[in-house]
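This report refers to the structure that appears directly beneath it.
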Amino acid sequence: MKIAPSVLAADFSNLECELKDIETGGADLVHLDVMDGTFVPNISFGPPVIQSLRKVTLLPFDVHLMTYHPEYYFDSLGKIGVDMISFHQEAVIHVDRTIHDIKSRGIKAGIALNPGTSLSALELVLPLLDFVLIMSVNPGFGGQKFISYTLDKIKVLKKMMKNLNLQIPIEVDGGVSSANAVLLKDVGADILVAGSSVFGAADRKKAIDVLRS
């Protein structure tokens, strides 16, 4: 099980120290939510901030584009050296093209699905993906309550992968905490995105260890 603390829940006045804290605390990835204020109501940060953060940690960067036209970001993110990019199936018309555009830059490509979006949207392109991001809250705000039917959705996705003889990591984002981490692991989640449950804890190492174990 990998843990990807979400920078959205960090102290923005002290991001360098926040990233170093989770790195020494055992985080596997850094999750970076880019919001455009249109696909989701909020605006977060963009490539200039991500470029600055790239200088202060060796952790892999997992960028989640909660935006329309995610392709507008690929050039700058590729130059920064991010490791993973997920875009929302709901925001893109040419899904196949978008996946190949990301992968052509040597970056792992993933599709994010909102809670109410059917897994059937992945049926044809699943073999092309490097990971799938399942939203367990409605995107755009931190600190939301975990949507319980996400567990059933992950089970079905795991079965889809088995039927296609695929082993693709499943990432889960939203309301992840020590209260549901074991349940998520049991149904097949591989990467847990955790915001307030890590950055809201006084001891980040302990918080990460609890989620992982």
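Quick notes on this one:
A quick yes/no check of all residues on (1) touching an Asp or Glu at 6+ places or on another chain (Cβ under 7 Å); (2) closer than 15 Å to residue 65 by Cα; (3) among the acidic types (Asp, Glu):
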| residue | (1), (2), (3) |
| --- | --- |
| 112 | no, yes, no |
| 122 | no, no, no |
| 135 | yes, yes, no |
| 140 | no, yes, no |
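- Hits in segment 57-85 (condition: of a type in the set (Ser, Thr, Tyr) and over 22 Å from residue 18 (Cβ atoms)): 67, 68, 72, 73, 76
- In segment 8-37, the residues that are under 18 Å from residue 212 (Cβ atoms) reach residues that are assigned to a helix (DSSP H, G or I) and open to solvent by 70 Å² or more (accessible area, probe 1.4 Å) with C-beta atoms within less than 9 angstrom, at least six apart or across chains, in these pairs: 9/196; 21/205; 22/205; 24/205; 25/205; 25/206; 26/205.
- Under the condition of being open to solvent by 10 Å² or more (accessible area, probe 1.4 Å) and either on the phi > 0 side of the Ramachandran plot or not aliphatic (A, V, I, L, M) (or both), the residues counted in segment 30-43 number 6.
- Scanning segment 85-120 for residues that are of a type in the set (S, T, N, Q) and without any contact (Cβ under 8 Å) to a residue 12 or more places away in the chain returns 104, 118, 120.
- Members of segment 153-170 that are part of a helix (DSSP H, G or I) and free of Cβ contacts under 8 Å to residues at least 24 places away in the same chain: 159, 162, 163
- Filter result (surrounded by fewer than 23 Cβ atoms within 10 Å (Cβ to Cβ), at negative phi and not in a helix (DSSP H, G or I)) within segment 11-29: 11, 25, 28, 29
The values are calculated or read from the model by the stated rules, or taken from the named source; none is laboratory data. Keep in mind the model is a prediction, meaning the values are calculated, not measured. Using ideal geometry, Cβ is built from the backbone for each residue, glycine included, and neighbour counts are taken over all protein chains shown. Surface areas here come from the heavy atoms of the whole protein model, side chains and all, with no ligands, DNA or RNA. Shrake-Rupley method; radii C 1.70, N 1.55, O 1.52, S 1.80 Å.
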